[in-house]
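Participant: Shown below is the structure under consideration.
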Amino acid sequence: MAIPVAYNLRNLVVRKTTTIMTALGIALTVAVLLAVLALVNGLRTTLTSSGDPLQIIVMRKGSESEIVSNFTRTQFQDLKFKQGIASGTNGQPLASLEVITVINLSSTDTGEGTNMTVRGLQPSGIEMRHGVKLASGRWFQEGRRELVAGKSAADRYPEVQIGRKIRFGRGDWEIVGIMDAGRGAQASEIWGDLNQVSADLQRQEVLSSALVRATDAVTAKALANDINNDQRLNMNAVSEEEYYAAQTASAAPIEYIGIFVAVIMAVGSAFAAMNTMYAAVARRSREIGTLRVLGFSKGSILVSFFLESVLLSALGGLLGCLLVLPLNGITTGIGNSNFSETAFNFHVSPEIMFIGMAFAVILGAAGGLFPASNAARKEILTALREI
Amino acid sequence: MFRFLPLVLKNCWRNRRRTFLTIASISVSMCLLGVMIAMYHALYLSDATPEEALRIVTRNKISLTQQMPESYKNRIKQIPGVREVMVSQWFGGTYKDPKNFFARFAADSDKIFTIYQELKIPADQRIAFERDRTGCVIGRDLANKYNLKIGDRMALVGDIFPGNYEFTIRGIFDSPRASEIMYFSRDYLEQSLPERRRGNAGVFTTLIDDPASAGRIASAIDEEYRNATAQTKTESEQQYLLGFVSLLGNVKVFLIAICAAVMFTILLVSANTMAMSVRERVREVGVLKTLGFTDGNVLGMILGEAISISLLGGALGFLLSTVLVGGVAHSPAGGFLPPIAPFEPSVAAACVATAVVIGFVSSLVPALGAARTPIVEALRSTD
């Protein structure tokens, strides 16, 4: 026969100080794990919503990112008329030649300089990014030193505001608009006119990369293969979706360190939970004896104490989840493969909270096993005699 | 006070399992704290090494990815206090597989070992490298990782500088830092580039004669090119390297947040243990008081017990952390980190101080409670 769970619950309530302290220790451990997972999850959300599976990024063979890629205008003419590229509203193929550079701005967060991506592109490039809408101001005009900045960039950098000027290339660039890219990585970029940016960078002929849009999913695959196999072009094509997915790797160091820290803290917390449970067993010797006299088996004592430890840690897990909830939506930045920063929000999802709860329960189970078996092994008479 | 030390230690020993578990719990957490404090110290608080303090780095003000005319070096060299200027260029590219990431620089081959005094290379290898335009030198860690020896060929495929480049390894150098680095001659790179891309510099590394003049020389360089097309930003090598760390994300906040969480966890663990052990002993406290121990004695004994336990845990944890820190310093990321000494007195002091504070704070409430309990009530307690 099993001992009712209410017995364990009541015990946890009676020893409330100890219970709360142990649970808080577990909560902090869970919170550290969840904070890191929320960070990685947020970055992943941003990156997956940045790419469109129908669009293909074309870079020079051997280039892993746009910043190190080279793309000439002649090559672009060859690429533009490939089979399978969709047409835009003006009947022209949806293909965008782009140039990328990085500028260093000082951040409000850290006061240190942070790198930002500046992208030079043509109207077709804007048309192709469906997720990007103008939030305020206007788009840049061709042939002028004007920029439109992403919302995250504008939120995070005092220099990036409508009307302010940024100096790079051969002069001052005025910010004329702010664009909203939803969760997309484009929100951390600054856009300008392709010809003006490339002229200022003295890169009129050799630009960075191209983006093309396929008519449908099947054509997208074929188009990518076609570009990859074109010896004359010597280019590497990946779908925009894959390109951004691969960038999740930039969170890997933080993810590793975070998980490492959480596991070490978990070892510490498991010891603490063990301590609490041993004390509980020691203090309730007589109770255990009484329960045995009443006819509860060794097994049910074991299960009961084990369950109590799991309940204790589940409470900790719950508190941990509550602790990280305020992090949800906070913006932070991380380096990307273009040697600049991608801003994203912490994202505490139900999946992550589930992982946190599971982590807490495992931790409590590890901490509760020995004390529970210790309780079960007590001899009835000695247990009853203990004070 | 120390008269009671044997009694304090005996009290620690009475519930061995609990003491052991508490010490284990504290030491594991303190180990983590030790690693975090050591990283923080190395990144933000440590002084530059003597060699590092003598170097300043100039890059394009817009960002590191923009170049500057190579000719800037002539005017930099004329600034009083400048001993040598080296032009270097981040090469990028791939070695066999894109996953094989390590730093590759094209630099003035005759100046590398003058500027980086701490890189040790046998004289004959250095001469062989300087004479061979297609030669390269690699760090010991890189040589070990890919099993490379002097005389081997290394082929790189360029991306920023498209093309196939082949090098002969002429020397292997030792560095106090992680050394997954390759240097080769900038002349080779320049020759392979089309006319319009020649004559550019990624960064200038300047060797100065006195660390005290670093600020003056840095502003002199930036002032010199204030009205040029390519403006410069000159900073100490330490700051320059920190720029790379900040690219990882907000590392400072990350470290502080983890330290705070760990510290609070230890505090809870320790407070819990002390509360449990005091609760068991109320009657005993009554007996002690009857024997003539004052409230102050009781208070001191309980505080002492908590502090000894957390000190022992802290010391064990710190020892463990020195082992882990050694591992961090030798990881590939170690190249961007300042050298982390396995034993850093200020880090050790911080850990010990944390342990004492935690022991004190965690036991203050139960100790005060025990000290204030009247004798009769304490003796009557059945708990």
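Computed from the coordinates by the stated procedures, all read-outs in this text should not be read as laboratory data. Everything quoted here is computed from the prediction, not taken from an experiment. Methodologically, a virtual Cβ is constructed for each residue, glycine included, from the backbone with ideal geometry; neighbour enumeration extends over all protein chains shown.
Participant: Express in nm, to one decimal, how much length is gained between A:Ala217 and A:Ile259 on full extension, taking 0.36 nm for each residue of separation and deducting their alpha carbon distance. Don't skip to the end; give the middle numbers.
Facilitator: Numbers: separation 42, 0.36 × 42 = 15.12 nm, distance 3.70 nm.
Extra length available between A:Ala217 and A:Ile259 comes to 11.4 nm.
Participant: If we restrict to alpha carbons, what Rg and Dmax does region A:55-213 come to, in Å?
Facilitator: My reading of the Cα-based Rg and Dmax gives 15.3, 49 Å.
Participant: If you line up the long axis of helix B:214-224 against the longest principal axis of chain B, both from Cα atoms, how many degrees apart are they, to the nearest 10?
Facilitator: The angle comes out at about 40 degrees.
Participant: Calculated from DSSP H runs of 4 or more alone, at -39500 (n - 2.57) each and per residue, what is the 222 nm mean residue ellipticity of chain A, nearest 500? Let's see the in-between values first.
Facilitator: Working: 13 runs with 191 residues, N = 387.
So the helix-based figure for chain A works out to -16000 deg cm²/dmol.
Participant: Subtracting the Cα-Cα distance from 0.36 nm times the residue separation, let me have the gained length for A:Phe370 to A:Lys16 in nm, one decimal.
Facilitator: 125.2 nm
Participant: Find the Rg to Rh ratio for region B:62-230, where Rh is the Kirkwood radius over alpha-carbon pairs and Rg uses the same atoms. Intermediate values should be presented prior to the final figure.
Facilitator: Working: Rg = 16.5 Å, Rh = 16.9 Å.
We get a ratio of 0.97 for region B:62-230.
Participant: Roughly how far apart, in whole Å, are the Cα centres of region B:230-244 and region A:227-296?
Facilitator: The distance from the Cα centre of region B:230-244 to that of region A:227-296 comes to 37 Å.
Participant: Cross-link candidates for A:Lys165: which lysines have Cα within less than 21 Å, leaving aside residues fewer than 8 places away along the same chain?
Facilitator: A:Lys151, B:Lys61, B:Lys233
Participant: Could you list A:His130, B:His41, A:His347 in order of exposure, starting from the residue whose Cβ has the fewest other Cβ atoms within 10 Å? Present the calculation step by step, with values, prior to reporting the outcome.
Facilitator: Values: A:His130 11, B:His41 17, A:His347 21.
Ranking A:His130, B:His41, A:His347 by Cβ neighbours within 10 Å, fewest first, gives A:His130, B:His41, A:His347.
Participant: Separate question: Sorting A:Glu241, A:Glu287, B:Glu223, B:Glu180 on the 10 Å Cβ count, fewest up front, what's the list?
Facilitator: Details: A:Glu241 20, A:Glu287 17, B:Glu223 12, B:Glu180 24.
Result, fewest neighbours first: B:Glu223, A:Glu287, A:Glu241, B:Glu180.
Participant: Nearest 10 degrees is fine. How inclined is helix A:217-229 to the longest principal axis of chain A, computing both from alpha carbons?
Facilitator: 70
Participant: Which residues does the label zone of B:Asp124 cover in region B:153-176, counting backbone N under 16 Å from a point 7 Å along Cα→Cβ?
Facilitator: B:170-173
Participant: Continuing with this model, one more query. Per DSSP H run of n ≥ 4, the term is -39500 (n - 2.57); total these for chain B, divide by its residue number, and report the mean residue ellipticity at 222 nm rounded to 500 deg cm²/dmol. Please list the in-between numbers first.
Facilitator: Numbers: 15 runs with 201 residues, N = 383.
Computed ellipticity for chain B at 222 nm equals -17000 deg cm²/dmol.
Participant: Continuing with the same structure: Other chains near A:63-76: what is the mean number of their Cβ atoms within 10 Å of each residue's Cβ? Show your work: numbers first, answer last.
Facilitator: On the way: counts 8, 6, 2, 0, 4, 9, 3, 5, 0, 0, 0, 0, 0, 0.
Mean shielding count: 3.
Participant: Tell me which lysines have Cα within less than 18 Å of A:Lys80's Cα, excluding those fewer than 8 residues away on the same chain?
Facilitator: Excluding near neighbours in sequence, the set is A:Lys61, A:Lys221.
Participant: While we're on this one: Can you tell me which of B:Ala107, B:Ala24, B:Ala349 moves the most in a GNM of chain B? Springs connect C-alpha atoms under 10 Å apart.
Facilitator: B:Ala349
Participant: Let me ask something else. Using a Förster distance of 60 angstrom, determine the FRET efficiency expected from the C-beta separation of B:Ala353 and A:Ser106, and round it to 0.05.
Facilitator: Values: r = 34 Å, r/R0 = 0.57.
Efficiency for this residue pair is about 0.95.
Participant: Can you figure out the FRET efficiency of A:Ile330 with A:Val293, using R₀ = 60 Å and their beta-carbon distance, to the nearest 0.05?
Facilitator: Details: r = 56 Å, r/R0 = 0.93.
About 0.60, to the nearest 0.05.
Participant: OK, next. Can you tell me how the protein assembly as shown classifies by the Cα gyration tensor, rounded, prolate or oblate, using a/c under 1.5 as the rounded cut?
Facilitator: On the way: a/c = 2.57, a/b = 1.81, b/c = 1.42.
Judged from the Cα gyration tensor, the protein assembly as shown comes out prolate (a/c at least 1.5, a/b above b/c).
Participant: I'd like the distance separating the alpha-carbon centroids of region A:89-159 and region A:321-387, in whole Å.
Facilitator: After rounding, the separation between the Cα centres reads 41 Å.
Participant: Beyond 32 Å, what share of the Cα-Cα pairs of chain A remains, rounded to the nearest whole percent?
Facilitator: So the portion of pairs separated by more than 32 Å is 50 percent.
Participant: Same structure, new question: Could you put B:Leu319, A:Leu134 in order, starting from the residue whose Cβ has the fewest other Cβ atoms within 10 Å?
Facilitator: Details: B:Leu319 16, A:Leu134 13.
Going from least to most buried by this count: A:Leu134, B:Leu319.
Participant: How much length is gained if the chain between B:Ile256 and B:Glu280 is pulled fully straight, taking 0.36 nm per residue apart and subtracting their Cα-Cα distance, in nm to one decimal? Can you show the working numbers first?
Facilitator: Working: separation 24, 0.36 × 24 = 8.64 nm, distance 3.64 nm.
Result for the pair: 5.0 nm of gain on full extension.
Participant: Considering chain B as a Gaussian network with a 10 Å cut-off on Cα pairs, which listed residue, B:Gln238, B:Gln89, B:Gln78, attains the greatest mean-square fluctuation?
Facilitator: Sorting by GNM fluctuation, first place goes to B:Gln78.
Participant: Right, here's the next one. Mind pulling the angle between the C-alpha long axis of helix B:251-279 and the longest principal axis of chain B? Nearest 10 degrees, somewhere in 0 to 90.
Facilitator: Tilt of helix B:251-279: around 10 degrees.
Participant: Next question. Quick one: if the Förster radius is 51 Å, what FRET efficiency do B:Arg372 and A:Ala2 give, using the C-beta to C-beta distance and rounding to 0.05?
Facilitator: Values: r = 43 Å, r/R0 = 0.85.
For R0 = 51 Å, the calculated efficiency reads 0.75.
Participant: Label points 7 Å out from Cα along the Cβ direction at B:Asn227 and B:Arg198: separation in nm?
Facilitator: 3.1
Participant: Roughly speaking, what is the centre-to-centre gap between region B:16-47 and region B:126-170 when only Cα atoms are used, to the nearest Å?
Facilitator: 41
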